[in-house]
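Inspection log for the structure reproduced underneath, given as structure tokens.
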Amino acid sequence: MSVKKITVVGAGHVGATCSQLLAQKELAREVILVDIADGIPQGKGLDQWESAPIEGCDSRVYGVNDYEKCAGSEIFIITAGIARKPGMSRDDLLKINAGVITSVCKEIKRVAPESIVIMVTNPLDVMAQVALETTGFPRERVIGMAGVLDTARYRSFIALELDVSIEDIQALVLGGHGDTMVPLASYTSVSGIPLSQLLSQDRIDALVERTRKGGGEIVAYLKTGSAYYAPAAAAVQMAEAIVKDKKRILPCAAWLQGEYGMKDLYLGVPCQLGEGGLQRILEVELSAEETAALEYSAEHVRSTVAALKALQ
Ligand code: APR
């Protein structure tokens, strides 16, 4: 068992999938699922615990409505929020989710001031900033989940296209989550073989485009919700790297302080995750085109932060 306690905030699709994965991987002695909805975390938590004898895992899963049981959690994975509903503008959603994240983070600061926060709620880069500001935690302990999901989607499409194992595909994407992500073609390889030797530029471009729109592709199928299996797996992989001090290099949203020539914003960059959270940001060489794409992505994050500040 890696740590004593990990809390997942939000017992919806992403959150409940996270808690189940955390328990099945036995990443913590206790996995706490917290949500404001009456009965939902309790019911899902109990259901998951009842699967433990079959799965053979001893992580205790508890579902709760308040934060007392979360005291002392080493990690919080935040998935709480609402999805955009018909008639609701992006600004409305931004304001509501910022309010949710602020209230959640005040509780986290109160019950677990030494914890590490992994932000999943969208718009991810902006919600991570709200968490950083509300908790007052150092940047090492507030990290956003974006790049692990985007690279997983990219790698899954490459594996299908080439009909090779997903285990052999390495890829790196930078930038904001989703539409403005910056896939680095020169850092994508199949067992060390550059992707450009295996696929034409046209095919690579098509896979990149599908990755950028990967979230939308799932929403179009589901109609009433968004992706959750892959987002949850991505957040749990980050938690695993931290609790096992694996020092994995994963693309995550980190609070930049001069890296890549940028300051005071969350953006997806290669991060080393291990004990304590973010251990290091790696700066890789970028082409002029990639630098411009990263700057465009940063501008998008900055304008969303500005829109939120104007609403508050
Ligand atoms: N505290 C705790 N839980 C909350 C709060 C709050 N203040 N406000 C809302 N929630 C809960 C809801 O009750 C709901 O159970 O957050 C949960 C959200 O679950 P879903 O609606 O199923 O959303 P989900 O698909 O899990 O996505 C959650 O992750 O990937 C992102 O874009 C996605 O921002 C979204 C988030």
Seminar exercise, completed: Other residues with Cβ under 12 Å from the Cβ of residue 177 give, with Lys and Arg +1 and Asp and Glu -1, a net charge of -1
Exercise. Which value, in Å², gives the accessible area per residue of segment 3-144 when a 1.4 Å probe is used on the protein heavy atoms?
Worked result: 43
Exercise. With every protein chain in place, what's the accessible area of residue 207 (1.4 Å probe, Å², nearest 10)?
Worked result: 10
Exercise. Tally Lys/Arg at +1 and Asp/Glu at -1 over every other residue whose Cβ is under 12 Å from the Cβ of residue 162; what's the total?
Worked result: -1
For this session: Calculate, axis by axis, the spread of Cα positions in segment 1-118 along the three principal axes, and write the results as whole Å, longest axis first.
Result: 45, 31, 21
Problem set entry | Per-pair calculated FRET efficiency, R0 = 22 Å: residue 257 and residue 310 via Cβ, rounded to 0.05 | 0.35
Problem set entry | For segment 3-144: relative contact order, % (alpha-carbon pairs under 8 angstrom, 6 or more apart) | 23
Problem set entry | Rounded D (µm²/s) - segment 147-311, Kirkwood Rh over Cα pairs, Stokes-Einstein at 4 °C, 1.567 mPa s | 78
Seminar exercise, completed: Net charge near residue 111 (other residues with Cβ under 14 Å of its Cβ; Lys, Arg +1; Asp, Glu -1) is 0
Exercise. On the first, second and third principal axes, largest extent first, how far apart are the outermost C-alpha atoms of segment 68-167 in Å?
Worked result: 49, 38, 24
Problem set entry | Accessible area per residue in Å² at 1.4 Å probe, computed on segment 165-312 | 50
Exercise. Which of the lysines could a cross-linker span from residue 309 if the Cα-Cα distance has to be under 24 Å and same-chain partners fewer than 8 positions apart are dropped?
Worked result: 85, 95, 106, 109, 263
Seminar exercise, completed: Diffing segment 60-72: the Karplus 3J(HN,Hα) column from phi (6.51, -1.76, 1.60, θ = phi - 60°), in whole Hz with x for Gly and Pro, holds 7, 9, 10, x, 9, 10, 10, 9, 4, 6, 8, 3, x
Exercise. When the chain is modelled as a GNM with alpha-carbon springs shorter than 10 Å, which of 19, 59, 51 fluctuates the most?
Worked result: 51
Exercise. Expressed as a whole percentage, what fraction of the accessible surface of segment 20-123 belongs to carbon and sulfur atoms when a 1.4 Å probe is rolled over the protein heavy atoms?
Worked result: 52
Exercise. When the helix-only estimate is applied to the chain (DSSP H runs of n ≥ 4, each -39,500 (n - 2.57), divided by the residue count), what is the mean residue ellipticity at 222 nm, nearest 500 deg cm²/dmol?
Worked result: -14500 deg cm²/dmol
Seminar exercise, completed: the chain: relative contact order from alpha carbon pairs under 8 Å, six or more residues apart, as a whole percent, is 17
Exercise. Hey, in the GNM for the chain with a 10 angstrom Cα cutoff, which one of 232, 152, 288 fluctuates hardest?
Worked result: 288
For this session: Return the carbon/sulfur percentage of the accessible area of segment 147-311, one whole number, probe 1.4 Å, all protein chains in place.
Result: 52
For this session: Report, largest value first, the span of the C-alpha coordinates of the chain along each principal axis, in whole Å.
Result: 53, 49, 39
Exercise. With helices defined as uninterrupted DSSP H runs, which ones in the chain have an alpha carbon span along their own long axis of at least 20 Å and mean Kyte-Doolittle hydropathy of at least 1.0?
Worked result: 229-243
Exercise. Residues with amide H under 5 Å of residue 245's amide H, sequence separation 5 or more or different chain, H placed in the peptide plane at 1.01 Å from N; which?
Worked result: 275
Exercise. In whole Å, how far is the Cα centre of segment 70-135 from that of segment 212-285?
Worked result: 15
Exercise. Taking the Cα centre of each part, how many Å lie between segment 1-65 and segment 141-191?
Worked result: 28
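The values are calculated or read from the model by the stated rules, or taken from the named source; none is laboratory data. The model shown is predicted, which means the values in this text are computed figures rather than measured ones. With ideal geometry, Cβ positions are generated from the backbone for all residues, glycine too; neighbour counts draw on all protein chains shown. Accessible surface is based on the protein model in full, side chains and every heavy atom, while ligands, DNA and RNA are left aside. Shrake-Rupley method; radii C 1.70, N 1.55, O 1.52, S 1.80 Å.
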